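Every number in this text was worked out from the coordinates using simple rules, so none of it is lab data. Given the structure is predicted, the values throughout are model-derived calculations rather than measurements. Ideal geometry is used to build each Cβ from the backbone, glycine not excepted, and the neighbour counts take in all protein chains shown.
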Amino acid sequence: MKFFRSHVLVSIDPQCLEMGAREIVDALNTELADWGLADEVQILETSRIGDPARFGPDLVVYPENVHYANLTVDDIPFLVEEHFLKGRVVEKFRAQETLIVDEELGAPKAKEVRVVLRNCGKIDPHNIEEYIAEDGYRALANVLTGMTPEEVIDEVMRSGLRGRGGAGFPAARKWQLCRQVPDNPKYLTCNADEGDPGAFMNRRVLESDPHSVIEGMIIAAYAIGASMGYIYCRAEYPIAVANLNIAIEQAREFGLLGENIFGTDFSFDLEVRMGAGAFVCGEETALIASIEGKRGEPRPRPPFPAVKGVWGKPTNNNNVETYAVVPQILLRGADWYASMGTEKSKGTKTFAIAGDVVHTGLIEVPFGLSLREVIFDVGGGIKDGKKFKAIQTGGPMGGCLVEEHLDLPLDYEALTAAGSMMGSGGLIIMDDETCMVDIARFFMEFTQEESCGKCTPCRVGTRRILDLLEKICNGKGTLADIDQLELLCDEVMKNSLCGLGQGAPNPVVSTLKHFREEYIAHVVDKKCPAKVCRALIRYEITPACTGCMVCARNCPVEAISGEKRQMHVIDDKTCIRCGICAQVCNFSSVAVLS
Amino acid sequence: MAEAVVATPEIYENKQVLLDEIIATHRSRPGAMMVILNEIQKRVGYVSEPMQRYVAGKLRVPVSAVHGVVTFYSFFTTQPRGKHTLKFCMGTACYVGGVPQLMEKAKQLTGTDIGRTTPDGQLTMEVCRCVGACSQAPVVTVDEEVVGKIKPNKFQQLIKKLLEK
């Protein structure tokens, strides 16, 4: 391995690329070569370091751990000369704020603990040696040379690790069940079909630290006695697929995959299988069907995959995050892991915060933090000084929680008891300008389209629920429709075959529970209190208008008229309620009325 | 790194040669059908009905089995696509963040509905599921690249660029 004095990690996140990250990498290479430093400083391209909206194109220099942000190509010659030639940190280019994730980069948010995300943005995902340098594959070596499969299962059991895919079934218990089935060969699958809108924690791990998932899978395979594994990755994540394939190839070269791993008689190999855009494939029996090359339709359980899975053989399926945490548990001990979290939910969990908060992005916190701490301390509160209205947890099959739930601890039991669920960890925060009926309709539209069509309650039920919600949003609903909705939701939840149908009505049920008055406003008063539902609102230009004509130019249907420097008028009949005028107006003079 | 993931549909005079090559490479793998169809979609750009029949014949499975898989997954298309593909992310954050308005704008600028290809074969527009870039909402993807935080005026330039031959 070639040694470098310094390593420069440059973010080539798509947004940084758009802001000139590629030119910055080129400039760095040119400048370093000019000073004869090309052999001393290594440039590595990595995924996002900080939020590009705040940090612009950025890079981090190791071992000094200096984060330079908002760089332009013109800054590079000075930066290279000062930092790499003269060894002086250039304070004026340093990031002014600290990052949300990446505890190594400046002060972390006090409440974060990074286990799964520990290497993200820090190591080159294309180089196995960097992973090994961070204690990578050490847990595997310990396991294969000094532990029996039962001891591995015991240790993971003691750590309290629960499946991170959503249901929260104890991981070691699942392994044990699969191990006990007297049928061979056994298979291992990794669910990397992260389909929930608003969730992207698995993508980050797969792209930035694929080896941690691979190592976790090899350990699990040893514990179960599996000989072959599949990582089922969704087709929407091409970089994850590419990085996984590179990582698997390197692990094979190092003898960490294949025959006789670490010179023991344990053999295991891995393959990446790509999905093709079907949300239901995140359900484990559908995922297995898809790996087998069939339509990704779920089937009734039992038999559970632990008994009959891929090719009808015993199969253990876990989520990306579950596998990624396994090496750390074996390296640092079950007690260390179990010391974090709540009584029944141990360890840490990654969450993707999105929606109307100041700091969107990934976080990793111990279970048990309150929703309030996550939204207001880690997430920085609601954007633009607006008011918190609701938070959707658990993805499209989860539920929404409101103000009164803010002090609930984030763990599996508390969320389920409140009528939502943990799911894979997407948190979508909504401010008071969000219409909850419209949100329910949106989630229903998603699940209705993603319903695979195999069982009738889900195929027809989700469609009917959506029809009713659309009727209500269009101002044509009646009070009877609300009763009908509740009845339908109940039936679909009870009678559907898999988790998709069973969970699909959740957003409707939870919004009906907490925001019934909004539904009533839609059907009785024919008003949308949040001013979102198009059929129930209209736009009007107020006297604050300066006649700048920006709205008229941007209107897609030319519904706005008016002379220059004169107040403009919207023709209500032509207006399609797209809201672009309100977005582009620099004087906040477009009012929405309901 | 980027080269490895860009899926440029290769244009072959004789697609059969390419199909034969793809099928021969992957047919021995268990569960080969998805792998083969994914590869065809990536390299040819679509999986037409004649191609489905051809694959079925080669794999000795009923055409219905291949057709069933192709129509089940949203990534497979049965028709050739435009030179560029513009996908509108309909994840929650993007939906809330204004993608529906961008779609209206796109329809107006191209005169083509979402889900269609412009008559000159230049641009295909579609909606897609969450691409996992929620913090940058509203997001569209241009071919394989994610473009986030789109403002209406920036978007107009983007469409114009895509329509240029």
About the Cα centre of chain A, what is the dipole size in debye to 20, counting +1 per Lys and Arg Cβ and -1 per Asp and Glu Cβ, all else neutral?
1860 debye
Cut-off 16 Å (backbone N to label point 7 Å along Cα→Cβ of residue A:517), residues of the range A:427-445:
A:432-437
Please state the relative contact order of the range A:128-335 as a whole percent: Cα pairs under 8 Å, 6+ residues apart?
31 percent
Could you order the peptides A:363-374, A:29-40 from most to least packed, using the average number of other C-beta atoms within 10 Å per residue?
A:363-374, A:29-40
What are the ³J(HN,Hα) couplings of the range A:137-145, residue after residue, when phi is run through the Karplus curve with 6.51, -1.76, 1.60 and θ = phi - 60°? Round to Hz, x for glycine and proline.
6, 6, 4, 4, 4, 4, 5, 5, 9
Built amide H within the under 5 Å cut-off of residue A:66, gap 5+
A:61
Evaluate the relative contact order of the range A:464-594 (contact order divided by residue number), counting alpha-carbon pairs under 8 angstrom at least 6 apart; express in whole percent.
23 percent
I'd like to know which of A:587, A:348, A:119 lies farthest towards the positive end of the charge dipole of chain A, counting +1 on Cβ of Lys and Arg and -1 on Cβ of Asp and Glu.
A:587
For A:201, A:444, what ranking results if the residue with the fewest other Cβ atoms within 10 Å of its Cβ goes first?
A:444, A:201
For the protein assembly as shown, what does the helix formula give at 222 nm: sum of -39500 (n - 2.57) over DSSP H segments with n ≥ 4, over the residue count, nearest 500 deg cm²/dmol?
-11000 deg cm²/dmol
Helix B:152-163 versus the longest principal axis of chain B: what is the Cα-based angle in degrees, 0 to 90, to the nearest 10?
40 degrees
For residue A:341, residues with placed amide H under 5 Å, excluding near neighbours
A:347, A:367
Just check the range A:6-93 against the gyration tensor rule for me: Cα atoms, a ≥ b ≥ c as the square roots of the eigenvalues, rounded for a/c under 1.5, and otherwise prolate or oblate depending on whether a/b exceeds b/c.
prolate
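Mind checking the mean number of beta-carbon atoms from other chains within 10 Å of the Cβ atoms in B:92-105?
Going residue by residue through B:92-105 and averaging, the value is 6.
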Net charge dipole size for the range B:84-163 [Lys, Arg +1 and Asp, Glu -1 on Cβ; Debye, nearest 20]:
280 debye
The lysines whose Cα lies under 22 Å from the Cα of residue A:346, excluding any fewer than 8 residues away in the same chain, are A:109, A:111, A:174
Residue-by-residue Karplus 3J(HN,Hα) for the range B:73-82, coefficients 6.51, -1.76, 1.60, Hz, glycine and proline x:
9, 6, 6, 7, 10, 9, 10, x, 9, x
For a quick check: sort B:118, B:110, A:72 by the number of other beta carbons within 10 angstrom, fewest at the front.
A:72, B:118, B:110
Would you kindly enumerate the cysteines in chain B that have no other Cys beta-carbon under 4.7 Å from their beta-carbon?
B:128, B:130, B:134
Tally Lys and Arg at +1 and Asp and Glu at -1 over the other residues with C-beta under 13 Å from the C-beta of residue A:330: what net charge comes out?
-3
Normalised by the number of residues in chain A, what is the relative contact order in percent for Cα pairs under 8 Å and 6+ residues apart?
11 percent
Take every DSSP beta bridge whose two residues both sit in chain A, then give the antiparallel share in percent to the nearest 5.
55 percent
Cβ-placed point charges (K, R +1; D, E -1), dipole of the range B:8-89 about Cα centre in debye, nearest 20:
140 debye
For a test of the definition: using alpha carbon positions, the gyration tensor, and the 1.5 limit on a/c, classify the protein assembly as shown as rounded, prolate or oblate.
rounded
So residue A:150 and residue A:433, fully extended at 0.36 nm per residue minus their Cα-Cα distance, gain in nm 96.5 nm
For peptide A:189-199, compute the average count of partner chain beta-carbon atoms within 10 Å of each residue's beta-carbon.
3
In nm, to one decimal, how far is the residue A:267 label point from the residue A:26 one, both placed 7 Å along Cα→Cβ?
4.9 nm
Treat the count of other C-beta atoms within 10 Å as a stand-in for reagent exposure and order B:22, A:428 from fewest to most.
B:22, A:428
What's the angle, to the nearest 10 degrees (0 to 90), between helix B:99-110's Cα axis and the longest principal axis of chain B?
80 degrees
Give a residue-ordered list of calculated ³J(HN,Hα) values for the range A:16-26 (Karplus: 6.51 cos²θ - 1.76 cosθ + 1.60, θ = phi - 60°; whole Hz; x for Gly, Pro).
5, 4, 4, 8, x, 4, 5, 5, 5, 4, 4
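Roughly what % antiparallel, to the nearest 5, for the DSSP beta bridges in the range A:128-335?
10 percent
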Beta bridges per DSSP with both ends in the range B:84-163, % antiparallel, nearest 5:
55 percent
Which residues' amide hydrogens lie under 5 Å from the amide hydrogen of residue A:399, considering only partners 5 or more residues apart or on another chain, with H built in the peptide plane?
A:393, A:421
By the C-alpha gyration tensor axes a ≥ b ≥ c (rounded if a/c is under 1.5, else prolate when a/b exceeds b/c, else oblate), the shape of chain B is prolate
